[in-house]
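Every number here is computed from the coordinates shown, using simple stated rules; none is lab data. Values in this document were obtained by computation on a predicted structure and should not be read as measured data. Positions of Cβ are backbone-derived with ideal geometry, glycine not excepted, and every protein chain shown enters the neighbour counts.
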Amino acid sequence: MPARVASLCDLDRLDAAQVRHAGRTVARLAIVAGGGDDLDTLVKAEALRADTVLTGTWWTAHTGDYADRNRDTLRAALPKIGMNLLGGSHDGTKLVVLRDRVAPLLAGWGFDVIVLRQDDHWR
């Protein structure tokens, strides 16, 4: 599945820090747009019986007080979370929506649409 997600998100690779295989078969996915690095979101996905969460980033990669606290919270909770977690980058997951849904809609309305990518897909 990681290779399919990378291809869909037009990425040459996935960040290894954003892939966590919990040994579960992928059958019921929770999809979280952009950042899924909020513990409440992961708990909700698990309560909805998801075996896998697909999001932009589930492990906060940024620096700063918020990011540090968030990583500490997730680090403490990970042993209790039994789901596979897969991040396809903020840029990559949002690209799918913009490229495949929004751009065609706007083009159908007569607009000339150009979809631009971030240089760093993992920032």
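Worth a mention:
- With bins 5 Å wide beginning at 0, the percent of Cα pairs of the range 42-82 falling in each bin runs 5, 21, 27, 26, 14, 6, 1.
- Most fluctuating residue given options T55, T73, T93, as computed from a GNM of the chain linking Cα atoms under 10 Å: T73
- Net charge of Cβ neighbours under 14 Å - reference Y66; Lys, Arg +1; Asp, Glu -1: -3
- Cβ crowding within 10 Å, taken as a proxy for footprinting-reagent exposure, orders W109, W58, W122 from fewest neighbours to most as W109, W122, W58.
- Per the Debye calculation on the range 18-123 with a single equal scatterer at every Cα and no solvent contribution, log₁₀ I(q)/I(0) for q = 0.09, 0.13, 0.16, 0.18 Å⁻¹ amounts to -0.28, -0.54, -0.75, -0.88.
- Highest-fluctuation residue, L105, L14, L78 considered, GNM on the chain with Cα pairs under 10 Å: L105
- When only the Cβ of Lys, Arg, Asp and Glu is charged (+1, +1, -1, -1), the dipole of the chain relative to its Cα centre reaches about 480 debye.
- Anisotropy class assigned to the range 1-74 is oblate, per the alpha carbon gyration tensor with a/c at or over the 1.5 cut-off and a/b no larger than b/c.
- Computed over the chain: relative contact order in percent, which uses C-alpha pairs under 8 Å that are six or more apart: 30
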